[in-house]
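The values are calculated or read from the model by the stated rules, or taken from the named source; none is laboratory data. Here the structure is a predicted model, which means the values were calculated and not measured. In this analysis, Cβ positions are derived from the backbone assuming ideal geometry, glycine residues included, and neighbour counts consider all displayed protein chains.
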Amino acid sequence: MKKEIMRSGIFTRRALLVAGGQIAVFGILGAKLYKMQVVDGEKYTAMARGNSVSVRLLPASRGRIFDRFGAALANNRQNWRALLMVEQTDDSASVLDAFSKLVPLSDSERTRITRELHTHQRYVPVMLQDFLTWEQMALIEVNAPNLPGVLIDVGSTRIYPESELLSHVVGYVAPPHDADLKSDPTLAMPGMRVGRTGVEGFNDIALRGHAGAQQLEVNAVGRVIRELDRQEGTPGTDIGLSIDTALQQATTNHLAGLSASAVVMDPRNGEVLAMVSQPSFDPTLFDSGVSNTQWQSWMSDPRKPLINKAAAGVYPPGSTFKPAVAMAGLSSGAIGPEEMLNCPGHFDLGNARFYCWRKWGHGMQTVTTALKNSCDVFFYQVALRTGIDTLAAYAKRFGIGADTGMDITNVSPGFMPTKAWRARQHKAWPLGDTVVSGIGQGYILATPLSLATLCSRVATGRAVQPHVARHRDGVLQTGSAAEDWPEMSMPSHYFNLVRQGMFEVINAPDGTGKIAKLALPGVQMAGKTGSAQVIRVSRAQRERGFNSMDLPWALRPHALFIGFAPYDAPRYAVAVVVEHGNAGADAAGPVARDIMTDALTLDPAGRDKPLNPPPASPLQSS
Amino acid sequence: MMERRLWREGSLGVAGKVWQTNWFFVLLILCLAAVGYVALYSAAGGSPEPYAQKQLVRFCIGLVIMVAIAMTDIRIIARYSWWLYALGIILLLVVAKFGHVGKGAQRWIAIGGFQLQPSELMKIFLALALGSWFQKASYEKVGRITFLIVPVLAILLPVGLILKEPNLGTAVITGAIGGAVLLAAGVRWWKFAIVIAGLAAAVPVGYHHLHDYQRQRILTFLHPERDPLGTGYNILQSKIALGSGGMWGRGFLNGSQGNLDFLPEKQTDFIFDLIAEQFGLVGSLSVLGLLLLIVLGSMLIALRCRHQFGRLVALGISVDLFLYVFVNIAMVMGAIPVGGVPLPLISYGGSVLITAMIAFGILMSVHVHRDVEFPEADG
């Protein structure tokens, strides 16, 4: 009993203590309420009445994009614009009416503004009009009392100084979609843009940076009285590309008027020096929304100006694939380095007959001479001996049908068929398909970019990956030195045999690509021609004396060319595809020769600083 | 003394129980619910839909639950304390595994279309379990450190589970309730001193294990201008609403902050702002006073109870209510980090309301059965 009394005594004391603490804390809360509501009440009332504290986001400036030598390719330009701060107006419709009397608004603009007024959060201003003239600004300033919540602000617009020249590589920005707004609400700020394609698209997050914010004290008509707090955002990362604008321009000139694409790469490190797809488009058109007629004209153009054909255009590689077949055959032991195979002009597999491009044949051929002559029958046999799966494995190591790691959007890996792929379609792999794979026909697809990669890897024996982002915020990225890339781990004398064959393609008197011989003293190019059929040519047509030049443009074969130079110490690899250009040697060869000549003359990969003074005119090739 | 206990020995008849009910306390609860109805009516811009009406229905359901528990013999509740505690732990484990993730934390489970937050129930079950553990213990026995191992583990287990959800606010409240019950049970002062010193030393370590959003809240609290559009914006707008009420308020349904949607979640966490804005200091102090009466009324029930179980449970519930009110009001005043703790019986939401009514029911039962005899204390 005594124990119970002691226990309840302790409980009572301690419970009273807790209760005392509770009363004290409630007392403090009450005192704080008195302080806020009565002592500071007027301050808060004023803030509530004018809602005088306004929080605004400060959009981060988008990272700029430069070329190899620091020339601006994507930049930000300031412009004056009128914004509506929704939280500072009671009747946004009448403000909008008053505003449109001063600055006329089109119907579509009004629809957009009304939509944004409903969807945006209250503290996100809505853009009424950008690119204001001085007269419009003055009008708005004078009429400020009638326009509560309207303020003039500096915005920024993305500009592309090189316009069409680099639109496929640099890409473009466009207004954000709803999905973008969900992932990053700061994109709802007026004038915010999202990178859609190219470098802009691939590096969008890094280019965006982080938005800052400012707290402003404003009066009842929305005029800013003072800034209470400001937190700067972090600007986006500046990206320096490996592209040389001068070489890009020269390459574009050589492709002008064609539906064609070309890639110039540094085979030592995979840096892309020029990437051209013709025809091109003006990237600034996307900034404020593309007009319907413009869109229709792009869509109806058979030359597909919006597509970056250099990275997303897929073509059967044709004979430009043969260096990869040669490497595969040699490395897998399917063909000896000195071994000779006969070309009677055709190759029979069962009942099927496969022709060489030269009806009467080439006779006995080694790997080197077969490359020089682009002998089809030789490579039919090499492919058959190697087998499609082994061939595919080697092709992928050379970048055909594999992800090359290129750092822009919309890059196609091309395609390399295997038996397993065919089996997934529940079909058997006929040996005839292996035969045609030996000359880059059948299911194989490559892009100019992957062909340039193939050419680079053959030229240097290193597994370089193509890329354009060379500097980030001025810091040189890994991958710009040859040592950053692994060796291909195939015997070097096999590489030498293939390079020798490619050398003879251009420099032997009877080489199939001798039209591409450089006119520069002491510098030789090695390369390979190719043409890819768009339609199948039947045996009957062939025997009647088929000439593809008689076909309509859209059915003619594509002309392809790959090459690297200088032969003894390669600094440049080039791949050219001229759509429906017919034979590779005729249409693509001279173009590749001219591009290579300009590359060697301008030599962007051989120097770190711009040429000073720049050359008056690029050396003309003969 | 002896004779009084004798006539309360057996169970009371229903009439006797009704006679023994603390009707003043019931009146306080009804007043609080009325305040909640008015606040929710104004949160909807002067309409019973969509908040006030629904909440009234829930309150009526809660009232039935409360009466049912109030009429239950407290000894039956005491007998099943540890079973309820185990149920609470199981619910916490279920929520950890299958719970609905809301606002970055996994704390809800749905039972028959009814959203339940087990951590809320767990606080009451913890008070019950601790009460039943100390029911028979003498002051000497409580002084033994080995006797304290079970209750301390019983506190740490749910606190750990709630921390993992993660719900820092409720975990701290749960720990504080446990601590208060231990204190009232007679655990020596110096033991609290050691634990508090240990916790203070662990804060910097614990900070590293906080979730990003929790750290963000603390940082935002320390520097409100860091994140003016996130939680800082809410705190600022909340302070404006509260402060602009002045002495007499801006009048019923005349609060601009609340009406103009500057306040996020005004019907739940920031409901007190609406009262303060519309009815000024007079209104906010009245509500604060009403809440204090409920907290102290619970404490009074604890003090009038003649068995240790009832005392400790009532004290635990009093501390629970007190912490709720303190955290919520301090939060809307911008005095502590935003914590997502609602105001019981005023904020919109079923889970907290039902939990509060269960707690009130247990309080009532303690009061009705304040003189019943438990088996004799040993040791």
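Restricting segment A:397-413 to residues that are without any contact (Cβ under 8 Å) to a residue 60 or more places away in the chain and surrounded by fewer than 19 Cβ atoms within 10 Å (Cβ to Cβ), the residue that is nearest to residue A:334 (Cα to Cα) is A:402. In the condition set (1) closer than 18 Å to residue A:195 by Cα; (2) of a type in the set (Ser, Thr, Tyr); (3) free of Cβ contacts under 8 Å to residues at least 12 places away in the same chain, residue A:61 is compliant with all but (3).
Restricting segment A:10-42 to residues that are modelled with pLDDT under 90 and more than 7 Å from chain B (Cβ to nearest Cβ), the residue that is nearest to residue B:329 (Cα to Cα) is A:39.
Any residue at all in segment A:309-330 that is in the same structural domain as residue A:468 (by TED's automatic domain parsing), on the phi > 0 side of the Ramachandran plot and in contact (Cβ under 8 Å) with a residue 12 or more places away in the chain? Taking every residue of segment A:309-330 in turn, at least one turns out to be in the same structural domain as residue A:468 (by TED's automatic domain parsing), on the phi > 0 side of the Ramachandran plot and in contact (Cβ under 8 Å) with a residue 12 or more places away in the chain. Among the helices (runs of 4 or more DSSP H) confined to segment A:128-210, the ones with at least 2 residues that are over 15 Å from residue A:60 (Cα atoms) and under 32 Å from the mean Cα position of the chain (by Cα) are located at A:167-170, A:178-183, A:198-202. In the same structural domain as residue A:504 (by TED's automatic domain parsing), at pLDDT 90 or above and closer than 30 Å to residue A:421 by Cα, is that true of residue A:381? Considered against the rule, which asks whether it is in the same structural domain as residue A:504 (by TED's automatic domain parsing), at pLDDT 90 or above and closer than 30 Å to residue A:421 by Cα, residue A:381 comes out as yes. If you check B:145, B:162 for being surrounded by fewer than 17 Cβ atoms within 10 Å (Cβ to Cβ) and away from every other protein chain (no Cβ under 14 Å), only one passes: B:145. In the set (1) assigned to a helix (DSSP H, G or I); (2) out of contact with any strand residue (DSSP E or B) (no Cβ under 9 Å at 6 or more places or on another chain), the condition left unmet by residue A:427 is number (1).
Of the residues making up segment A:502-520, just one is in a helix (DSSP H, G or I) and of a type in the set (S, T, N, Q), namely A:507. Checked against the criterion of being away from every other protein chain (no Cβ under 14 Å), in contact (Cβ under 8 Å) with a residue 40 or more places away in the chain and surrounded by fewer than 24 Cβ atoms within 10 Å (Cβ to Cβ), segment B:323-337 contains one or more residues that satisfy it. Among the residues making up segment A:339-353, those that are surrounded by fewer than 19 Cβ atoms within 10 Å (Cβ to Cβ) and not acidic (Asp, Glu) are A:340, A:342, A:344, A:345, A:346, A:349, A:350, A:351, A:352, A:353. Which members of segment A:499-514 meet the condition of being among the β-branched types (Val, Ile, Thr) and under 33 Å from the mean Cα position of the chain (by Cα)? Passing the criteria: A:505, A:506. Scanning segment B:1-22 turns up no residue that is at pLDDT 85 or above and either part of a helix (DSSP H, G or I) or more than 30 Å from residue B:286 (Cα to Cα) (or both).
So for segment A:98-110 (the condition being farther than 30 Å from residue B:286 by Cα, outside any helix (DSSP H, G or I) and within 14 Å of another protein chain (Cβ to nearest Cβ)), does at least one residue qualify? Looking for residues that are farther than 30 Å from residue B:286 by Cα, outside any helix (DSSP H, G or I) and within 14 Å of another protein chain (Cβ to nearest Cβ), one finds none in segment A:98-110, hence no. If the condition is being out of contact with any Ser or Thr (no Cβ under 7 Å at 6 or more places or on another chain) and outside any helix (DSSP H, G or I), then segment A:247-278 contributes A:256, A:257, A:258, A:259, A:260, A:263, A:266, A:275. Set side by side, the residues A:390, A:404 differ, and just one is in the same structural domain as residue A:479 (by TED's automatic domain parsing) and in a helix (DSSP H, G or I), which is A:390.
Any residue at all in segment A:232-255 that's within 14 Å of another protein chain (Cβ to nearest Cβ) and at pLDDT below 95? Yes; the residues of segment A:232-255 include at least one that is within 14 Å of another protein chain (Cβ to nearest Cβ) and at pLDDT below 95.
Considering segment A:280-307 alone, what residues qualify as being within 17 Å of the chain's Cα centre (by Cα) and under 15 Å from residue A:259 (Cβ atoms)? Break it down stepwise before answering.
Residues of segment A:280-307 that are within 17 Å of the chain's Cα centre (by Cα), as a first pass: A:280-284, A:286, A:304-307.
Passing the criteria: A:280, A:281, A:304, A:305, A:306, A:307.
Set side by side, the residues A:57, A:83 differ, and just one is within 45 Å of the chain's Cα centre (by Cα) and facing chain B (nearest Cβ under 8 Å), which is A:57.
Taken over segment A:122-143, residues that are more than 15 Å from residue A:90 (Cα to Cα) and either within 14 Å of another protein chain (Cβ to nearest Cβ) or exposed (fewer than 15 other Cβ atoms within 10 Å of the Cβ) (or both) amount to 9. Within segment A:59-79, if we keep just the residues that are part of a strand (DSSP E or B) and not aliphatic (A, V, I, L, M), the residue that is farthest from residue A:203 (Cα to Cα) turns out to be A:79.
Residues of segment B:278-305 that are touching a Lys or Arg at 6+ places or on another chain (Cβ under 6 Å) and facing another protein chain (nearest Cβ under 8 Å): B:302 alone.
State the number of residues belonging to segment A:77-91 that are at pLDDT 80 or above and surrounded by 18 or more Cβ atoms within 10 Å (Cβ to Cβ).
Looking only at segment A:77-91, we keep the residues that are at pLDDT 80 or above, and these are A:77-84.
Subsequent filtering for residues that are surrounded by 18 or more Cβ atoms within 10 Å (Cβ to Cβ) retains A:81-84.
Selection size over segment A:77-91: 4.
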